[in-house]
Amino acid sequence: MKTRLTIWVLLSLLLTACRSMAVFETPTPVPARAVGATPIPVRPTALPESIVIEADAEELLLINLYERVNPSIVNIDVAGAVDVGGFGSGSGFVIDVEGHVVTNNHVVEDARRIYVTFADGSVVEAELVGGDPASDLAVIKVEVEAALLHPVELGDSDQVKVGQRVIAIGNPFGLVGTMTVGIVSGVGRTLPADTFSEAMGQFSNPDIIQTDAAINPGNSGGPLLDSNGRVVGVNSAIRTTGENRANSGVGFAVPVNTLKRVIPQLIETGRVRYPYLGISSDNNEFTMPELAAALDLPTAHGVLISQVVQGGPADQAGLRGGNTQRDVRGVSVTVGGDIIIAVDGNPVDDFDHLISYLTAKTEVGQIVKITFLRGEETLEVDLTIGERPLR
């Protein structure tokens, strides 16, 4: 009995000791996290499936577009005229199976030799068919096997909207087959054209598309595409500051509807005939609403004529230019001339709008009805559209 008691006491003491050890056992220390350190998760949080599907769809669209259109894009190298010297380069794209390639006029102007490199690396010499400084478009022609000719699909630049996605493919800085993506930043812009008349000064190129898609030297002449791979413009210029010629987020493209009008004429005759009224306006520093408020004009819309070219279409129709100088915010403005407010019943907002309408909707020799204001009186006159002088 005594032995059993002794064993029981010993077991009780042993259990008590084990419990004490369990209570007072020192836990394994947790390593301290370094200040500012970010823990790396074992499994990153997955993106929602809808976002992944959307991202994949956009990538696939762009990859597919590039693979379809890039075979149509060419690199253009030129050897300059004897009196110009040097070499230049740009981009272009095939428009038909006859071997016609569209590019910018400034890329091939004054070129002695023109070389075209296709997407597969084939190089061939091209001939200049015709160039148009006013639109900065030109067409060249190559003689190659049909397998190399992949004409692009032309879109409709009248349907281009600010905010829509656009894609540029070209050869910036000689980097062949480069694609960049952006949006349409503006439409209906006007840029000075590379044409000059001693009588009327420098002409303007209307309906220009502005984009933030990266466009750099070498992109000139390449296509600006919509999401379906259709050409909506021809990349032509970038706006820079100082000596910086790199992209600054402001690029310009000639609308494809201008191409549709210009290129057939270049292929057929080698030149383009532009409508011409024979008027000028030195008031383009101000909008018509600003002029109307400052000069107490009878309308805030239209074209205030500063000068009428003697013997020109407007002069023959009886339109009058200004005869008085007025100061507007420190700028001398010619006033007293007729104000054109409509052409064939279509309202005219300003000078750029008038140029755009005439270029897109009229032809040399066509008779149009001009509605204008002379003082407080509204008048109409028939006018025969002339041809814009080359110089």
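Read-outs throughout are calculated quantities, based only on the coordinates presented, and are distinct from any laboratory measurement. Values in this document were obtained by computation on a predicted structure and should not be read as measured data. Note that we place each Cβ from the backbone using ideal geometry, even for glycine, and neighbour counts take in every protein chain shown.
Determine the gain in length on full extension of the stretch Asp296-Arg326; use 0.36 nm per residue of separation and subtract their C-alpha separation, reporting nm with one decimal.
9.6 nm
Sort Leu128, Leu390 so the one with the fewest other Cβ atoms within 10 Å of its own Cβ comes first.
Ranked by crowding around the Cβ, least crowded first: Leu390, Leu128.
What ratio of Cα Rg to 2.2 N^0.38 Å holds for the range 69-148?
The value comes to 1.02.
For the range 318-391 and the range 208-230, what is the centre-to-centre distance using only Cα atoms, to the nearest Å?
33 Å
Simple spin-label model, 7 Å along Cα-to-Cβ: Thr269 to Asn346 in nm?
For Thr269 paired with Asn346, the spin-label model returns 2.1 nm.
Charges at C-beta only: +1 for Lys and Arg, -1 for Asp and Glu. How large is the resulting dipole of the range 254-339 about its Cα centre, in Debye rounded to 20?
Roughly 400 debye for the range 254-339.
What distance in nm separates the two pseudo spin-label positions at Glu59 and Arg230, each 7 Å out from Cα along the beta-carbon direction?
Result for the modelled spin labels: 2.9 nm.
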